[in-house]
Amino acid sequence: MEMFKNPVLTLLTRKGTCTIPQAAEWLDLSIGTVTKHVGSLIDEGYVEDLGAAESASGRKPHLYGLRKEAGYFLGLDVNDRFVNVGLINFRGGMQRTRMLDDYDLYAPDAYERLVRILKISLQDCYSFGRDVKGVCVSLPGRVNTKTGESHSVFVQADHTLSELLQAEAGLPLCLCNDTRAMTYGELLQGAGVGCRDMLFLNVNWGLGLGIVGNGHLYGGKSGYAGEFGHMYGFDNQIICRCGKRGCNETEISGQALQRNLVERIRNGESSILSERVLSSDKPLLLREIMDAVAKEDVLCIDAIEQIGIKLGEKTTGLINLFNPELVVVGGELAMTGDYLLNPMRMAVNKHAIQLVSQDTRICRSALGMDAGLIGTCLIARSRYIGEPFEG
């Protein structure tokens with residue numbers, strides 16, 4: 001999917017704007033080389049001169065930035081129950097978004113519906129005169145960005161999923177794991193801007209981990225790094241979605257929250273959800289629990305806090321191992337804010353090596369539930385310009 005590589009173009013995706021002397025310093029290139037790169041990018045329509053930059057004295061250097069109309073990038077953030085669709089311009093600004101909340105990832109016609117959503121979204125872009133340069137689709141589960149294979153959903157025998165979807169789109173298209181897309185969104189436009197070493201914890205229906213080292217996503221040899229949710233963590237004999245027993249996800253996730261809350265209500269503990277649980281066979285939805293937390297339901301808040309303690313205990317091992325500058329907590333459970341993060345921080349303070357953890361900051365996602373969509377669109381742009389977003 002890569003079209004070309006230009007170090008100045010890559011720099012501008014991270015810095016937004018810069019002068020030629022600044023670019024030369026940051027890239028460790030001569031001013032002449034950078035001037036040549038900038039001139040070429042202006043001629044090709046990707047970069048524009050934004051006028052004289054502010055300067056304390058002397059001749060004011062010109063500031064350069066990405067030309068937002070140079071191209072657009074479509075992202076489809078596919079979740080279990082919905083699909084988020086977004087379009088960014090060349091600068092990375094979001095232009096259009098929409099959410100389709102009647103989608104079922106595991107329905108028999110899920111792939112066909114995804115293809116229809118892709119085609120309709122592209123037609124919509126074209127109707128507004130958007131020159132779409134590339135597409136990225138993020139999916140839960142095991143996705144190999146390098147090969148374009150999905151091993152959890154839409155598994156294909158003869159072709160990779162990216163090949164099939166690219167043929168439908170008629171444009172360069174790549175795949176990405178949903179947690180990694182969220183991580184990339186936070187790195188470029190969220191809580192991790194300017195950060196070189198970061199961990200992103202996606203506490204949703206499942207539990208995922210995104211790893212950033214030296215400013216790039218870490219995928220591992222085969223592209224599957226970050227299976228934090230499927231590390232053995234608890235002697236509970238609960239069978240995980242992966243088929244193993246006692247994975248972290250069985251106690252630290254939305255599904256664990258739902259299971260524990262239902263058990264406690266059926267054992268006689270009181271909640272504003274009690275009547276809903278005891279009078280209906282329909283599964284309790286995560287958004288119902290989040291609504292109850294927002295209404296300060298004591299049982300739901302306690303259940304969230306228990307998740308936070310366990311998350312902090314297991315995150316301690318990650319901090320001791322990676323010594324990150326920042327740990328960002330995202331996903332639906334992170335929307336409960338300090339109810340999750342305060343017990344998590346206390347557990348980290350209790351169990352982590354103080355010398356290692358003292359420089360690690362823990363915060364909530366700045367992009368919230370839009371992190372995955374923003375990251376998916378940005379990955380499409382990065383693949384187009386040849387930016388090495390994965391290390």
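The values are calculated or read from the model by the stated rules, or taken from the named source; none is laboratory data. In this text, all values refer to a predicted model and were calculated from it rather than measured experimentally. Note that we place each Cβ from the backbone using ideal geometry, even for glycine, and neighbour counts take in every protein chain shown. Surface areas here come from the heavy atoms of the whole protein model, side chains and all, with no ligands, DNA or RNA. Shrake-Rupley method; radii C 1.70, N 1.55, O 1.52, S 1.80 Å.
Of note:
- Residues of segment 108-128 include none that is touching a residue at least 24 places away in the same chain (Cβ under 8 Å) and either within 19 Å of the chain's Cα centre (by Cα) or under 30 Å from E325 (Cα atoms) (or both).
- The residue list L273, L257 contains one member that is under 30 Å from the mean Cα position of the chain (by Cα) and either closer than 17 Å to L284 by Cβ or hydroxyl-bearing (S, T, Y) (or both), which is L257.
- Residue in segment 133-147 that is surrounded by fewer than 20 Cβ atoms within 10 Å (Cβ to Cβ), without any contact (Cβ under 8 Å) to a residue 60 or more places away in the chain and not charged (D, E, K, R) present: yes
- Residue selected from segment 260-280 under the condition without any contact (Cβ under 8 Å) to a residue 12 or more places away in the chain and of a type outside the set (D, E), by the criterion most open to solvent (accessible area, probe 1.4 Å): N267
- The single condition among (1) under 22 Å from N177 (Cα atoms); (2) part of a helix (DSSP H, G or I); (3) at pLDDT 95 or above; (4) not hydroxyl-bearing (S, T, Y) that E313 does not satisfy is (1).
- Set side by side, the residues E305, E332 differ, and just one is out of contact with any Ser or Thr (no Cβ under 6 Å at 6 or more places or on another chain), touching a residue at least 60 places away in the same chain (Cβ under 8 Å) and of a type in the set (D, E), which is E332.
- The lone exception for N320 - which of (1) at pLDDT 95 or above; (2) assigned to a helix (DSSP H, G or I) it fails: (1)
- Within segment 52-109, if we keep just the residues that are in a loop (DSSP other than H, G, I, E, B) and open to solvent by less than 20 Å² (accessible area, probe 1.4 Å), the residue that is farthest from F154 (Cα to Cα) turns out to be A53.
- Evaluation of L161 against (1) open to solvent by 20 Å² or more (accessible area, probe 1.4 Å); (2) under 28 Å from G86 (Cα atoms) (one fails), failing number: (1)
- Taking segment 214-252 as the range and being under 17 Å from the mean Cα position of the chain (by Cα) and either open to solvent by 50 Å² or more (accessible area, probe 1.4 Å) or of a type in the set (K, R) (or both) as the test, the residues that pass are H216, Y218, Y224, E227.
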